[in-house]
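The values are calculated or read from the model by the stated rules, or taken from the named source; none is laboratory data. Here the structure is a predicted model, which is why all the values come from computation and not from measurement. Reconstructed Cβ throughout: ideal geometry from the backbone, glycine too, with neighbour counts over all protein chains shown.
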Amino acid sequence: MFANTTDADSFLHINPPFRAEHIGSLLRPSYLLEQRARFQAGTCTAEELRATEDAAIAAAVKVQQSAGLQTITDGEMRRGAFYEGIFERLDGMSNLVRPIETFKAYLPYVQFFIKAGLKEVPSMYCTGRIRRPEEGVYVRDFEYLTSLVPPQDVGKLKVSVCGPTWMHLRHGPESTYDTAVYATDDAYFADLVQGYREELRALYAAGCRNIQFDDPTFAFFCADSTIKGMEKAGVDWQQLLDMYIQVYNSILQERPADLTIGLHTCRGNYQGMHYCEGGYDRIAKKLFNELRVDCYYLEYDTERAGDLEPLKNLPQSKMVVLGLVTTKTGELESIEELQDAIDEAADLIAQGSPKRSRAYALNQICISPQCGFASVAEGNPITEEEQRAKLALVVEAARKILE
């Protein structure tokens, strides 16, 4: 367990998150995409690819700094997709091309696979006991990122991590792990939880104080199509939701009070497309009150995310980062639009239980783009200039409305 821990739910975490936030991924430069293609073709070495990634990360840091952001990430330059980085590095996990039948057909993005005519999709399968590798998962990457900022800014760096539920949601217990290795979900998640705990502990020891879990899982519970599909398949969605919340809480048990944990959940962000729709109403009470994270990065850039009413469930001890600026198109939102949404959110949060002053409610709000600019390496249909303008808009709006 972590040392020197306190009850992380007893106070409001802020700075981080900062008033102007962003989710993490940035557009990959063409030279990085070209180098990765050469690596996959076997015409450049892993060391040469990493050197190119290092250069792209250094450039990404400058983009964030020039926009006025305090939160700095590596732009996910080392990943082909947001969910890469942890499962494939854990001992006991195998990266295989899986038949489409091993995916849950009721998931909106799996429906996309089926409609596209895909018969097989790469994914992970647990073939042995899960263990965190001795060299760690993200620590080396984080240490490089720390070398690019002044020492006083290391605590502002953010590491984004794929959520622990991702593979289980896609495949269910029958296709997530070999039952000769794990007989039950409880056994599988016990070792997975331990691996995540160890990684968070190592990141903390390296100076990391800001971790964001990326997990669209919870947004899929907001979609009527998913719930209907689960019910038809005989899956108790409420029990599954409870289990996923408990998995997170087990990972975060006895974490240090000065380690900020956020959860980002969205409805899909594949080259400008989304996979599902539906507001947070169905899950808001449990998500905001039972999941022991400090802040929620919520997608709110279009009507597909529903209204702001679920924010009434936000407890006094937590922050919400409103994703009001879209990354799916280059069209720039106005300060007035953002002001209206933030005003409405503050009014609703103030009406929560227990009621609180509007000033207190406003203090619980940050603003960000609704998702990353490149959840997959190909990126969204937006230019680097438009990306820069979006980031600058978030900073300007935060200064004018929230500070």
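Some points to look at:
- Candidate set: the range 328-355, residues that are of a type in the set (S, T, N, Q) and modelled with pLDDT of 95 or more; chosen: the one surrounded by the fewest Cβ atoms within 10 Å (Cβ to Cβ): Ser334
- Among (1) in contact with a Lys or Arg (Cβ under 8 Å, 6 or more places away or on another chain); (2) in a helix (DSSP H, G or I) - the single one Glu101 does not satisfy: (1)
- Scanning the range 331-367 for residues that are of a type in the set (Gly, Ala, Ser) and within 22 Å of the chain's Cα centre (by Cα) turns up just one, Ala345.
- Residue count for the range 11-54, restricted to those that are surrounded by 19 or more Cβ atoms within 10 Å (Cβ to Cβ) and among the charged types (D, E, K, R): 5.
- Filtered residue count, the range 301-326, keeping only those that are at pLDDT below 95, under 23 Å from Glu396 (Cβ atoms) and either of a type outside the set (Ser, Thr, Tyr) or touching a helix residue (DSSP H, G or I) at 6+ places or on another chain (Cβ under 7 Å) (or both): 2
- Restricting the range 104-118 to residues that are among the aliphatic types (A, V, I, L, M) and assigned to a loop (DSSP other than H, G, I, E, B), the residue that is surrounded by the most Cβ atoms within 10 Å (Cβ to Cβ): Leu107
- Within the range 308-333, the residues that satisfy the criterion of being outside any strand (DSSP E or B) and among the hydrophobic types (A, V, I, L, M, F, W, C) are Leu308, Leu311, Leu314, Leu332.
- Every condition in (1) assigned to a helix (DSSP H, G or I); (2) over 30 Å from Ala392 (Cβ atoms) holds for Gly278 except the one numbered (1).
- First in the range 343-354 and in a loop (DSSP other than H, G, I, E, B), second anywhere and of a type in the set (D, E, K, R), Cβ under 7 Å, 6 or more apart: Gln351/Lys312; Gly352/Lys312
- When the range 165-184 is limited to residues that are among the hydroxyl-bearing types (Ser, Thr, Tyr) and in contact (Cβ under 8 Å) with a residue 24 or more places away in the chain, the one that is surrounded by the fewest Cβ atoms within 10 Å (Cβ to Cβ) turns out to be Ser175.
- Answer residue from the range 210-250, given it is of a type in the set (Asp, Glu) and more than 16 Å from the chain's Cα centre (by Cα) and is modelled with the lowest pLDDT among those: Asp224
- Considering residues of the range 356-388 that are of a type in the set (Val, Ile, Thr) and under 20 Å from Ile401 (Cα atoms) only, the residue surrounded by the fewest Cβ atoms within 10 Å (Cβ to Cβ): Ile365
- Restricting the range 372-395 to residues that are in contact with a helix residue (DSSP H, G or I) (Cβ under 7 Å, 6 or more places away or on another chain) and at pLDDT 95 or above, the residue that is farthest from Ala56 (Cα to Cα): Val395
- Of Tyr275, Tyr270, all but one fail to be of a type outside the set (S, T, N, Q), more than 14 Å from Phe218 (Cβ to Cβ) and modelled with pLDDT under 95; the exception is Tyr270.
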